[in-house]
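Participant: Handing you this structure, nothing more for now.
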Amino acid sequence: MAVKAASLVFIAANCLFISAAQADVVIGVAGPLTGQSQNFGQSMLNGVKAAVDKINGQGGLKHEQVSIISVDDQCDTAKAKEAAQKLIAAQVDVVIGHFCSATAMATAPIYAQADVPMIAPTANAPGLTEAGMNNVVRITTRIDAEGAFAAKRILAKRPNAKLALVDDGTTEMKAITTSFLAAYGKAPNVMAAVAPEQKDYAEVLGKMKAAGIDTLYVATQPADAGRLTLQAAKLGLDLKRYGPDALLADPFWTSAGVNGENTLVSFPIDPETSNEAKHLSADMKTLNQATDGPFFPAYAAVQLFAAAAEMAGAHGHSGLASVLKSGDSFDTVLGPMRFDAKGDGLDLRFNWYSWNNGVYQTIAPENP
């Protein structure tokens, strides 16, 4: 999945950790605080810390001060399970994390068994909320929703499209095209699977040409989509191209060249769009703290916990998740958020980017 580069500032450990003994409400934070993804884990922890500081500065949560206990999972499932047991032993009131989808899915059942609510700021794998656990809420939009987002745009902007839907057969990309089909509501003119790192697309392109395809949604890795785009152009196919955020990476343009011009790619909405986010970002900059990566989703997770706690009590545990899954709207730094019974957001939160001249940029509404 494409990830925007993040330049994160570390905060000294003695500023981050507050002893649980000094507070009544305890938030557990789980993520990669060391290892290859430590910048992202640190950013997530920083976001929680900033939100907790604001709550405590305003008198606490229901007149109780809030503390943080953090654990390091290194985005490793075995370490994550150990980390989850530490948080449960510490009697946390909520867990914010885990950063990686694999660790979030590995630990969610552990928290469910212990009746601990889990708010996942960044884990986007569909399986996290498809397992039927009542304790999980996910802030980021699940990755397969990109398919539905694209289908709705194509239906609105190109209702008479002759569509080809192509994926690489991997679990992630298949989930995206499955979501696309459900939202599209009708069969594409051509549906095909290609192999990862495939070099020759003559067979699928021949089918597309014979069917008069003018619109392509391609869910593959970026270099594969680039090669498909290049070979389609050489065959004389004039296509309006769409794809998920995997295509928002340089290998797509490197492989497609100028033939990739105007390819539309969905990507999660920039979190720094609301006035609250802008003010918070400015405040953090005065403290030399970056707000890239999962900072804002983690901050929003604390806001959601606080809002639910006002209704169910800070120690309400499973009741907290039920409040959030009610379908009611909650104000956050990311804007209003609503969740379904599974714990997924009810609103698609993506923007469209367009490849132009080897760089990508947000676009104005597309003409039909």
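The values are calculated or read from the model by the stated rules, or taken from the named source; none is laboratory data. Note that this is a predicted model, so its numbers are computed, not measured. No Cβ is skipped: glycine too gets one built from the backbone with ideal geometry, and neighbour counts run over all protein chains shown.
Participant: What's the number of the only condition in (1) surrounded by fewer than 16 Cβ atoms within 10 Å (Cβ to Cβ); (2) closer than 20 Å to residue 245 by Cα; (3) among the acidic types (Asp, Glu) that residue 344 fails to meet?
Facilitator: Looking at each condition in turn, residue 344 falls short on (1).
Participant: A further question follows. Of a type outside the set (Ser, Thr, Tyr) and more than 21 Å from residue 239 (Cα to Cα): which single residue out of 139, 176, 154 fits that description?
Facilitator: Unique residue meeting the criteria: 139.
Participant: Within region 142-164, count every residue that is closer than 30 Å to residue 104 by Cα and not aromatic (Phe, Trp, Tyr).
Facilitator: 10
Participant: Right, here's the next one. Would you say residue 278 is surrounded by fewer than 24 Cβ atoms within 10 Å (Cβ to Cβ), touching a residue at least 40 places away in the same chain (Cβ under 8 Å) and farther than 30 Å from residue 221 by Cα?
Facilitator: Taking the combined requirement at face value, the residue does not satisfy it.
Participant: Ok, one more. For region 105-116, check the following and say yes or no: at least one residue is under 12 Å from residue 29 (Cβ atoms) and assigned by TED's automatic domain parsing to the domain that holds residue 291.
Facilitator: Checked region 105-116: no residue is under 12 Å from residue 29 (Cβ atoms) and assigned by TED's automatic domain parsing to the domain that holds residue 291.
Participant: Which count do you get for residues in region 281-303 that are within 20 Å of residue 118 (Cβ to Cβ) and surrounded by fewer than 24 Cβ atoms within 10 Å (Cβ to Cβ)?
Facilitator: Matching residues across region 281-303 total 1.
Participant: Right, another one. Look at residue 333 and say whether it is modelled with pLDDT under 90 and of a type in the set (Val, Ile, Thr).
Facilitator: no
Participant: Can you give me the ranges of the strands (runs of 3 or more DSSP E) entirely in region 180-245 with at least 2 residues that are modelled with pLDDT of 95 or more and over 17 Å from residue 158 (Cα atoms)?
Facilitator: Strands (runs of 3 or more DSSP E) meeting the threshold: 190-193.
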